[in-house]
Each structure stands twice: as structure tokens, then as C-alpha cells.
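A short worksheet on the structure shown next.
The values are calculated or read from the model by the stated rules, or taken from the named source; none is laboratory data. Computed from a predicted model, the values in this text were never measured in an experiment. Cβ coordinates were reconstructed from backbone atoms using ideal geometry, including for glycine residues, and neighbour counts include every protein chain displayed.
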Amino acid sequence: MKTYLGLIAAAALTLSACSGENKPAENTAAPSSTVAASESVTVVEASAPVVADECSTLINSNDAMQFDVKEISIKSSCKQYTITLKHTGTIAKQAMGHNVVISKVSDKDAVVKDGIDANIEADYVKPNDERVVAQTKLIGGGEETSVTFDVAKLAKSEAYEYFCTFPGHAALMSGKITIVE
């Protein structure tokens, strides 16, 4: 099964690379801007943590299995934090769905594995998984979702990551979450 998922992920990356679409480009928009579903996707490696409007941020995802934000810094003054996920691609969630799941770095691999077993109906997240701090639903191209969670669930001394649990995506679609003053 793991080999099969790896082959699917490799094929998807190869096809997206060959299409000439979704090429990385220079980003001139602010981190909290949105991209219309009909516009081309701009993918940028974030060089610095994103702190958008204090207690929320937008993450764009695409058909090339990429998040445009690689690190989120959450101010300790935030009581609640909202992550909005926008899928700027066109492929349906059954073939190229994305979500955002937050857990401790040490729990990521187990959360991803258990998510595969949970299947698409459960958004590839094990129901009631106590290792999951927060999660969005799984979305397809042109869709948007968000999750708001209690910042007190994140310990300053712990390392956290956000990632996509669609099979084969977590290796490419992940980022770091930190609490800052």
C-alpha cells in the first residue's frame, strides 16, 4: 500500500512538472491575500514566518501538492487562532484533496498513518484523535475551509507542525507552527 501511494504521489508530481503550469513565481501579494480559482497559482517558499492579521492566516494549496506558507508564528496574545485553507487548483478532493491538520511533530507520522486508514469520508483523519490539535475538512479545487482553535492547546516548549493528511501529501505539504511573544 505504501509503495502504491508513493507511486501515485510521484506520478502526480511528474505530471504537474511536465504540464508547465504551477511553476514557482515571485509573489508580490501580501500573505493574507486570496487567489481566485481562475487565476494561476503563485507558489513561494516563505523565508520568514507568516503572522497575518495577528490571530489568523491564509494558506493557499494547489494541484501540485504545495502549501504557499511554510511557517506560522502565532502571537501568545491570541486566545483563538484561525487558519483558512484555500485550494486554488481545479482537481476534485477525491483525487487531489487537501486539509490542514495540526499536531506535535512527534505525532505527525502516526496521525498521517491513522488518517489513511480512516479514509476520505473522515477527511483522512482518525475520528476523535487526541493527538490532533485542530483540523480542517478535506477540500477540492476551488473550495475554501477554515478552523479556529484555542491557542492554549499549544505549549511553547513543544514543536508543532501543520500538514495535509491526504495519502502521500504530508511529505510535501507541511509547515512549522511556533508561539511567539
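Overview of results
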quantity	calculated
Any hit, segment 52-75, residues being in contact with a strand residue (DSSP E or B) (Cβ under 9 Å, 6 or more places away or on another chain), assigned to a strand (DSSP E or B), modelled with pLDDT of 95 or more and among the acidic types (Asp, Glu)	yes
One residue from Lys108, Lys75, Lys86 being among the basic types (Lys, Arg) and within 20 Å of Asn62 (Cα to Cα)	Lys86
Residue that is surrounded by the fewest Cβ atoms within 10 Å (Cβ to Cβ), among those in segment 113-134 that are farther than 23 Å from Ala155 by Cα and among the β-branched types (Val, Ile, Thr)	Ile120
Segment 83-102, residues that are without any contact (Cβ under 8 Å) to a residue 60 or more places away in the chain, hydroxyl-bearing (Ser, Thr, Tyr) and assigned to a strand (DSSP E or B)	none
